[in-house]
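The values are calculated or read from the model by the stated rules, or taken from the named source; none is laboratory data. Because the structure is predicted, anything quoted here is derived from the model rather than measured. Heads up, the Cβs are rebuilt from the backbone with ideal geometry, glycines too, and the neighbour counts pull from every protein chain shown. Heads up: the accessible areas ignore ligands, DNA and RNA and are worked out on the full protein's heavy atoms, side chains in. Shrake-Rupley method; radii C 1.70, N 1.55, O 1.52, S 1.80 Å.
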Amino acid sequence: MSHPFRSPVPASRMAGVPRRSLATTVLACALAAGALALAGCSGTAILPAPDLPTTPVILDEAAAAAAISRYRASHGLGPVMVDSSLIRAASYQAEANARAGQLSHEVGGPFDARLKRAGFGGRYAAENLSAGSTTFDEVLKRWQVSPEHNRNMLMPQVKRVGIARVDAPGSRYKRFWALILSDG
């Protein structure tokens, strides 16, 4: 019967290596390999996500909607107005990104679920996120030069918007923006 920690290496080549040390090393390697295998199967990171301190920023949502409306008008599209349920949804996502210290459409949960939770009732909706911009004018320019973000702002069905910015001074980007546009 073989011992579970018995080495296939001949004893003559193991001279000077205590058996207890070898058994401990083999056990440690097996445990580490098992932990790595399990970590690869999980859908979450081994380390907890950051929970950075954040500060919501008071924005002039009407001025932001007016700027978006001017941009849309220059492309032959109708104006947008501020919607409080979309501001709630945008604030939630900006906060989630700021707390995580990263930019992700999924960090606050699936887009549809977040809209439903905020009381959204429309058929068309899109979300633009950004990080780092200091002013609304800066973030608007970034969205205009990004093909996907620009397409969202120029959706013909869009009538309402909600915008939010949440700062996380301890993060890499410092400022996290969310804009939600809808027909609703």
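Quick look at the values:
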| quantity | calculated |
| --- | --- |
| Protein-only accessible surface order, largest first, of Ser146, Ser130 at 1.4 Å | Ser146, Ser130 |
| Tensor-based shape of the stretch 72-173 (alpha-carbon gyration tensor, a/c under 1.5 rounded, otherwise prolate or oblate) | oblate |
| Shape call, the stretch 130-184: gyration tensor on alpha carbons, a/c limit 1.5 | prolate |
| Solvent-accessible area, 1.4 Å probe, carbon plus sulfur percent, for the stretch 73-184 | 52 percent |
| Coarse-grained scattering of the stretch 58-97 at q = 0.21 Å⁻¹, given as base-10 log I(q)/I(0) from a Debye sum over alpha-carbon atoms | -0.70 |
| Förster-model FRET efficiency, 22 Å R0, Ile58 and Arg151, C-beta, rounded to 0.05 | 0.15 |
| Point-charge dipole on Cβ atoms (K/R +1, D/E -1) for the stretch 58-184, about Cα centre, debye to 20 | 60 debye |
